[in-house]
Each structure stands twice: as C-alpha cells, then as structure tokens.
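Structure, as structure tokens:
The values are calculated or read from the model by the stated rules, or taken from the named source; none is laboratory data. This structure is a prediction, so every number in the text was calculated from the model and none was measured. Every residue, glycine as well, gets a Cβ built from its backbone with ideal geometry; the counts of neighbours run over all protein chains shown.
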Amino acid sequence: MADYKLILKRFAILAVTIFVLDWGIGAVLKHFFFTKKNGADYRTNHVINTVKADVLVFGSSKAVYHYDTKIIGDSLHLSVYNAGRDLSYIYYHYALLEAALKRYSPKLVVLDTRANEFQRFKNGEDRDRLNVLLPYYDSHPEIREVCLLRGPYERYKLLSKMYPYNSLILSELVELLPIARYKKDDSQNGYIAKHGQFKSGLQPYTVNDAVDTTAASYYKKFVELCKAKNIPLVVTYSPIYQNINAAANRNVQVVMQVCRDNNVPVLNYLRDTTFNNQAYFYDALHLNKQGSVIYSSMVGGKLKQFLTHK
C-alpha cells in the first residue's frame, strides 16, 4: 500500500512538473513570437491582428513576389497590403481572410490563384503548413476550424501551450539574437522583390489528376465570405514561365465555375504573351523585380473597374 501511494505521489509530482514546464516554456515562446518585428510570422500576425489596408492581396509565394503594393496602391490611390506567404494554401488564405474581416472591411480583396490550386498532396503538405496558424488557436476562434484540418488529434495536442510553437522553436531561438530581433521587416507592405534572371527554357507545369474536394470547398468558402460581407473580390492568375497540362487546366476551370456562380471577375495572366520572356522571371514560377513591376502596373490598372466604393 505504501509503494502504491509513493507511485501516485511521484506521478502527481511528474504531472505537475510537466504542466508547469509546458505552460512556462509556452508563455516564453508566445511572448517572443508575438513581439517579432520582421519576417513571415510578423506579417501573418499583422494581417490577423492589425492591418487596415484598403486592398488585401492573398496568395502563396506568387502573391508575395508578384504584387508590388506601391505600384498597385499608386494606381488605385488606396493603401495595399500583400498578405501572401510562401508555401501557403487556400486554407491559410481563408483563415487570414476570416480574421481580417472580423476586424474591418477592406474595399477590395485580390486572391492570386495557382494552376494546381486543388491538387491533392499525398504527404499532406498543404495542411501541415497550417502550423503557422496554431499560435492563434486560443485567441482567434474564427480560425480554429482551419487549424483542426491538420489532423484528427489536433484539438487534443493544442491543449499543450508549447505545441503551437514546436515547429517554430528554431526560428524563435534565432529571433533572440538582437541583430535579428530588431531588424526592420524586409518587405514593402508584404511585397518582396526577387532579383535575378531565370536561365532555363520553358518547362512543363504538371498537376496530378486527383482534385482535393476539401481544398475546392474552402476556395468556394473564400469567395462566398467576400460575397456575404459585400466586399469586391477579384481572382487573379499571375504569370508563370511554364506550359500547363490538362489537369492544371481542369483546376483552372473549377475556379472559373466557382467565380461565374458568384459573379467574381477573373484576371488570367497565367500564360499571357507579355511574359513570354525569361528576362521577367526569377525562376519558372516567380517573376523578378522587372517582371513584377510590369505585372503590378497591368493589374493595378485593371483593378480600378472593380472598386464599388472609394
């Protein structure tokens, strides 16, 4: 009996120790995460909690490098913020839109779309990348649904205060260095210019035939949320230096149908002849600075007609 009580006592001490360490380390990581002054996490936090720009641009790395916020802002005479993020997918865009619209109503939303928007990733990469949203799980109920897409046990893992920062710990440690912590953000309201020129020839853009119906449903939810909030939305396909296959074309057609059903305009520059020039590209998927200046000028001029209130 004495041994039984001793085991229970030791177990209780261990449980309390783990609990205290989890909450303590979690609190420290949370502090450093939410006081960042630069980088992708800082920009995500800005979109979720503070941005008030007239125009919001959503998308993956193509959005980050293709939409020069100054050029588009000068064209529209409005403030513009580029909410794109490398290796992000429609779930991420939808969560950020939900959070931003909870605070205010922009005058225009632009959603840059990939030709493989609904590709099914066998390794679950598109949902794994939602780890960048986990720090907001407790404070932003509107994005919990998206966070839980990572897996069936996610809600239980998120009982831990350390867990939301597990995959971000290395970057948090780097942020402890003064030279990194107080460095000014290297973007221009979310836009980052790529410098360099693509040297290879035209390549194939291959998408598998499987369509992820969940991704397609969240794309539709993104469109319908803008519609419900009476916020003008423009869907765009920015240029790539690749030839897309039939499966990619089917992805594009699914997007076109969703947009037709909701009266959303689409600007398709995916293979626009203006950009049949390697000099405009950093790599096969991304425009360089020269290309983004040309593209942003073109898009900025087109977006004017979709503003319903100024």
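Of all residues in segment 216-231, exactly one satisfies the criterion of being touching a strand residue (DSSP E or B) at 6+ places or on another chain (Cβ under 6 Å) and part of a loop (DSSP other than H, G, I, E, B), namely I231.
Scanning segment 23-67 for residues that are at positive phi and assigned to a helix (DSSP H, G or I) turns up just one, G39. Residues in segment 255-268 that are assigned to a helix (DSSP H, G or I) and in contact with a strand residue (DSSP E or B) (Cβ under 8 Å, 6 or more places away or on another chain): V255, M256, C259. When restricted to residues that are closer than 30 Å to G73 by Cα and either of a type in the set (D, E) or modelled with pLDDT under 80 (or both), segment 1-54 contains 2. Residues considered: V252, V234. Of these, the only one that is under 19 Å from S60 (Cα atoms), touching a Pro at 6+ places or on another chain (Cβ under 6 Å) and either part of a loop (DSSP other than H, G, I, E, B) or of a type in the set (A, V, I, L, M) (or both) is V234.
When segment 256-289 is examined, which residues are found to be closer than 19 Å to G84 by Cα and out of contact with any Leu (no Cβ under 9 Å at 6 or more places or on another chain)? Across segment 256-289, the qualifying residues are V266, N268, Y269, L270, Y282, D283, L285, H286, L287, N288, K289.
Among the criteria (1) over 22 Å from the mean Cα position of the chain (by Cα); (2) of a type outside the set (F, W, Y); (3) surrounded by 14 or more Cβ atoms within 10 Å (Cβ to Cβ), the one G301 does not fulfil is (3).
Restricting S88, S105 to residues that are surrounded by 20 or more Cβ atoms within 10 Å (Cβ to Cβ), polar (S, T, N, Q) and assigned to a loop (DSSP other than H, G, I, E, B) narrows the list to S88.
Taken together, the residues in segment 1-27 that are within 30 Å of D186 (Cβ to Cβ) and surrounded by 14 or more Cβ atoms within 10 Å (Cβ to Cβ) amount to 2.
Working only within segment 1-56, note down all residues that are farther than 30 Å from N230 by Cβ, among the acidic types (D, E) and touching a Ser or Thr at 6+ places or on another chain (Cβ under 8 Å). Result: D22, D41.
Scanning segment 264-289 for residues that are farther than 15 Å from K199 by Cα and either in contact with a Lys or Arg (Cβ under 7 Å, 6 or more places away or on another chain) or without any contact (Cβ under 8 Å) to a residue 24 or more places away in the chain (or both) yields L267, T273, K289.
One line per residue, one yes/no per condition, for (1) over 12 Å from the mean Cα position of the chain (by Cα); (2) modelled with pLDDT of 95 or more:
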{"position": "D74", "(1), (2)": "yes, yes"}
{"position": "Y92", "(1), (2)": "no, yes"}
{"position": "A95", "(1), (2)": "no, yes"}
{"position": "A99", "(1), (2)": "yes, yes"}
{"position": "K102", "(1), (2)": "yes, yes"}
{"position": "K107", "(1), (2)": "yes, yes"}
{"position": "N116", "(1), (2)": "yes, no"}
{"position": "N123", "(1), (2)": "yes, no"}
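Of all the numbered requirements in (1) acidic (D, E); (2) outside any loop (DSSP other than H, G, I, E, B); (3) under 19 Å from H46 (Cβ atoms); (4) at pLDDT below 95, D185 misses one, and that requirement is (2). Can you find a residue that is surrounded by fewer than 19 Cβ atoms within 10 Å (Cβ to Cβ), outside any helix (DSSP H, G or I) and among the small types (G, A, S) anywhere in segment 208-215? Within segment 208-215 (the criterion being surrounded by fewer than 19 Cβ atoms within 10 Å (Cβ to Cβ), outside any helix (DSSP H, G or I) and among the small types (G, A, S)), the answer is yes, since at least one residue qualifies. Restricting to segment 244-265, and then to whatever is over 23 Å from N276 (Cα atoms) and among the β-branched types (V, I, T), can you tell me which residue is surrounded by the most Cβ atoms within 10 Å (Cβ to Cβ)? Ranking the candidates gives V255 first. Of the numbered criteria (1) exposed (fewer than 15 other Cβ atoms within 10 Å of the Cβ); (2) touching a Lys or Arg at 6+ places or on another chain (Cβ under 8 Å); (3) in a helix (DSSP H, G or I), the one H195 fails is (3).
A residue that is of a type in the set (A, V, I, L, M), more than 27 Å from V293 (Cα to Cα) and modelled with pLDDT under 90 cannot be found anywhere in segment 195-202.
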